[in-house]
Amino acid sequence: MNEDAAHALGAVVDGKKVGDSKNFVCFSFYANKNMTMVDGGFLASPNKKMAEHARSLRLHGLSSDAWNRFHNKSKLIFEVTELGYKYNTNDVHAAIGRVQLKKFSTNQKKRTQFASIYDSVFSDVPGVTLQQKKFSDEKTKHALHLYTVVLDSVLYRGGRDKVIELLRKEGVFAVVHYLPLHQHLLYQDKFRLSSNDFPVARYVGENIISLPLLPQLKEVDARIIAETTKKVLLNFLKRNH
C-alpha cells in the first residue's frame with residue numbers, strides 16, 4: 001500500500017507523524033508546498049529493499065547511481081537491470097530544499113498562527129464551515145498546506161464564484177482547491193463516472209474557497225485578509241437575503 005502525503009508534511013495523527021509508516025509515503029516539494037525545492041518530491045520507506053529498488057527505478061533502472069559509480073573504482077560498467085525512469089532530483093533543487101528544511105518548523109508555527117486568526121474571525125459568520133483542526137492537541141496536527149472554508153450552498157445560493165470575485169476586488173486573492181476528480185473528463189471517460197456521482201465531494205468542490213496562508217505574511221496581513229473576507233461574506237448575505 002502507498003500513501004499520498006503531498007499536502008501533509010508536518011501533519012500528526014494519533015501522535016504519529018505522517019510519513020512514519022510501513023508503506024511507501026510520497027511527499028511533494030512543489031513551489032507552493034509547505035517546504036519547497038521548487039519542484040520534485042520525496043519517497044519515504046522503512047523497508048531497505050524497497051527503498052533500494054525505488055532508487056534504481058528513479059534513474060533509468062541502473063544498478064547504481066552516478067555518485068556510487070564515480071566512487072566505485074573496482075567496477076567500470078553498470079547495467080540497466082529493469083525499465084526505469086528519470087525521477088532523480090538535481091543538486092540545485094536539493095540545495096534549496098536543505099535551506100527550506102531549516103525554516104520548516106518556524107514556517108509551520110506561522111501557518112498555525114494565521115489559521116488561528118482566520119478561525120477566530122470567521123467563527124461567527126453564518127454558513128461558513130471551517131477546517132477540522134486542533135491547534136492545542138499535540139497528538140493531532142493539521143499540516144495547514146491550505147486554509148479552506150466551505151460556504152453553505154443555501155445561504156450563499158451557489159454564489160461561491162461571485163464571492164471569490166468580490167474578494168479579489170478587495171485585494172484578497174482567493175482561489176479554488178480543487179475540482180473533484182470524478183468531475184475531470186479523463187476520469188469520467190476512463191471510469192464511466194458522472195458529475196453527479198460522489199455528492200459530498202461535488203458539494204465541497206462547488207462551495208470551497210482557499211484563502212492566502214503563507215509564512216511570508218505578517219500578523220497584520222492575516223488580520224486584514226480575515227476581516228476583509230468576513231466583510232465580503234456578510235455583505236453578500238445581506239444583499240441576497
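The values are calculated or read from the model by the stated rules, or taken from the named source; none is laboratory data. Keep in mind the model is a prediction, meaning the values are calculated, not measured. Methodologically, a virtual Cβ is constructed for each residue, glycine included, from the backbone with ideal geometry; neighbour enumeration extends over all protein chains shown.
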So V25, is it assigned to a loop (DSSP other than H, G, I, E, B) and modelled with pLDDT of 90 or more: no
Count - residues of region 1-19 that are without any contact (Cβ under 8 Å) to a residue 24 or more places away in the chain and either surrounded by 12 or more Cβ atoms within 10 Å (Cβ to Cβ) or assigned to a strand (DSSP E or B) (or both): 5
Residues of region 123-168 that turn out to be on the phi > 0 side of the Ramachandran plot and either touching a Lys or Arg at 6+ places or on another chain (Cβ under 8 Å) or buried (at least 18 other Cβ atoms within 10 Å of the Cβ) (or both), as a count: 1
Filtered residues of region 86-104 (kept if touching a strand residue (DSSP E or B) at 6+ places or on another chain (Cβ under 8 Å) and either loosely packed, with under 12 Cβ neighbours inside 10 Å or of a type in the set (G, A, S) (or both)): K86
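Going by the conditions given, is L185 among the hydrophobic types (A, V, I, L, M, F, W, C) and within 21 Å of V154 (Cα to Cα)?
Taking the combined requirement at face value, the residue does not satisfy it.
Can you tell me which of R239, R202 is over 30 Å from K103 (Cβ atoms) and touching a His at 6+ places or on another chain (Cβ under 9 Å)?
Details: R239 fails: touching a His at 6+ places or on another chain (Cβ under 9 Å).
Going through R239, R202 in turn, just one is over 30 Å from K103 (Cβ atoms) and touching a His at 6+ places or on another chain (Cβ under 9 Å): R202.
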